[in-house]
Structures are given as C-alpha cells and as structure tokens.
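**Student:** Starting off with a structure, shown below.
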Amino acid sequence: MSRTREHTYDVTVTWTGNTGAGTAGYRDYARDIDTSAPGKATRLPASADPFFLGDAERWNPEDLLVAALAQCHMLSYLAACSLKKVVVTAYEDTARGTMAEAAGVGGGFTGVVLRPVVTVADASMVEAATALHEDAHRKCFIANSVNFPVRHEPEIRVAGD
C-alpha cells in the first residue's frame with residue numbers, strides 16, 4: 001500500500017476596490033484584490049512547493065490555484081451583491097486548498113475551502129449576503145473548471161457592529 005501525504009496551501013485574498021460606495025452599483029467599485037500567503041513576497045515570483053525542492057518564499061502553482069479560486073469567487077460574489085443591492089464594504093477570504101500525494105503515483109487536490117468574511121452596510125442585507133455565496137459559486141468560472149469540491153464557509157458582518 002502506498003503512503004499518502006497531504007499538503008495544505010493557505011492564501012488570503014482581500015478586496016481593496018471599495019471606492020466609497022461599496023457594491024451599491026455594478027460600476028461603483030473596483031475589482032482590485034491583494035493576494036498574500038504566509039511567508040510569500042507581495043510581487044509574484046514563483047517556484048515549486050518547498051517539498052518539491054522549491055523556494056518557500058516564492059509562489060507555487062498550488063498557491064496560485066487556491067488564489068484563483070478565491071479571487072474568482074470574490075469577483076462573482078461582488079457582482080451578484082451589486083446586482084441585488086447588497087452593499088459590501090469589505091471582503092477578505094482565508095482560503096485553504098488540500099492536495100493528496102501518493103508515493104510513486106502523483107496526486108491532486110482533494111478540495112478547497114473558502115472562508116470569506118464579508119462586511120455589509122446594513123443588518124437587513126445579511127440574509128441575502130449569505131445566500132449570494134451559492135449564486136457566486138455557481139457562476140465562478142474557476143470553480144466550474146476543477147474536478148474537486150470547492151466549499152465556502154462565509155461569515156457575514158455588519159459595518160459598525
């Protein structure tokens with residue numbers, strides 16, 4: 001029986017595109033995102049995972065896959081909120097991807113969990129803000145392109161609380 005190893009990749013994506021009105025309108029916000037990972041540089045130098053002899057201070061393909069899923073969900077979500085008049089004023093996601101590797105046979109991702117913390121302008125928006133994560137998931141091009149589950153565990157906050 002081959003031994004299985006599991007690797008995890010932690011990525012944080014932060015929406016920096018609130019130009020003052022949040023997602024009050026579809027054209028009222030920028031799609032700007034900062035992406036970071038523990039110990040990684042802010043520019044995007046890349047390498048392999050350190051386990052595969054890469055440089056731990058550089059982004060690897062696994063980090064980038066998790067970041068792409070988190071960014072795609074965020075952008076789909078912000079658009080859905082703007083169209084449903086849910087005003088998002090802040091969004092940050094600490095996503096984690098898990099990859100299993102079996103000795104001698106390769107491996108692959110077994111799942112990604114997105115953990116967005118979303119701040120909305122008013123308490124009356126919390127229910128819709130929560131529900132719109134499902135809509136965003138269905139519309140995310142990257143999530144629709146992978147062969148493993150992408151789950152989301154959102155937390156909705158109200159500005160000023």
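Readers should treat all values here as calculations from the given coordinates under stated rules, not as data from a laboratory. On a predicted model such as this, the values are computed, not experimentally measured, just so you know. Here the Cβ positions follow ideal geometry from the backbone for every residue, glycine too, while neighbour counts run over all protein chains shown.
**Student:** Taking a point 7 angstrom from the Cα of Phe141 along the C-beta vector, which residues in the stretch 50-80 have backbone N less than 18 Å away?
**Tutor:** Taking a point 7 Å out along Cα→Cβ of Phe141, the residues of the stretch 50-80 whose backbone N falls under 18 Å are 64-80.
**Student:** A follow-up question, please. For the chain, what is the calculated [θ] at 222 nm in deg cm²/dmol (nearest 500), taking -39500 (n - 2.57) for each run of four or more DSSP H residues and dividing by its residue count?
**Tutor:** On the way: 2 runs with 37 residues, N = 161.
The per-residue figure over the chain is -8000 deg cm²/dmol.
**Student:** Based on the alpha-carbon gyration tensor of the stretch 2-42, what equivalent-ellipsoid semi-axes (square roots of 5 times the eigenvalues) come out, in whole Å, largest first? Mind showing how you got there, number by number?
**Tutor:** Numbers: eigenvalues 241, 31, 7 Å².
Over the Cα atoms of the stretch 2-42, the ellipsoid semi-axes are 35, 13, 6 Å.
**Student:** To continue, here is another question. Pick from Phe51, Phe141, Phe109 the residue whose mean-square fluctuation is largest in a GNM of the chain, springs joining Cα atoms under 10 Å.
**Tutor:** It is Phe51.
**Student:** Looking at the chain, which longest stretch skips every one of the trypsin sites (Lys or Arg not before Pro) that is in a DSSP loop with at most 16 other Cβ atoms within 10 Å, leaving the sites themselves out? Numbers along the way, then the final one.
**Tutor:** Details: sites that count: Arg3, Arg27, Arg31, Arg43, Lys84, Lys85.
Counting only loop sites that pass the neighbour cut-off, the longest clear stretch is 86-161.
**Student:** Return the sequence-ordered ³J(HN,Hα) values of the stretch 118-128 in whole Hz as given by the Karplus equation 6.51 cos²θ - 1.76 cosθ + 1.60 applied to θ = phi - 60°, using x for Gly and Pro.
**Tutor:** Per-residue couplings from phi come out as 10, 10, 10, 6, 8, 4, 5, 9, 4, 4, 5 Hz.
**Student:** Tally the DSSP beta bridges in the chain and give the antiparallel ones as a percent, rounded to 5.
**Tutor:** Numbers: 27 of 35 bridges.
Counting DSSP beta bridges with both partners in the chain, the antiparallel share is about 75 percent.
**Student:** Another one. Would you kindly derive the ³J(HN,Hα) couplings of the stretch 55-71 from the backbone phi angles with the Karplus curve 6.51 cos²θ - 1.76 cosθ + 1.60 (θ = phi - 60°), listing them in order in whole Hz, with x for Gly and Pro?
**Tutor:** Couplings: 8, 5, 8, 10, 5, 10, x, 5, 4, 5, 5, 5, 4, 4, 5, 5, 5 Hz.
**Student:** Normalised by the residues of the chain, what does the relative contact order come to in percent, with Cα pairs under 8 Å and at least six apart?
**Tutor:** Details: 339 pairs, mean separation 40.4, N = 161.
Here the relative contact order equals 25 percent.
**Student:** Quick check: residue separation of Ala123 and Thr12 times 0.36 nm, minus the Cα distance between them. What number comes out in nm?
**Tutor:** Values: separation 111, 0.36 × 111 = 39.96 nm, distance 2.53 nm.
Extra length from Ala123 to Thr12 when fully extended: 37.4 nm.
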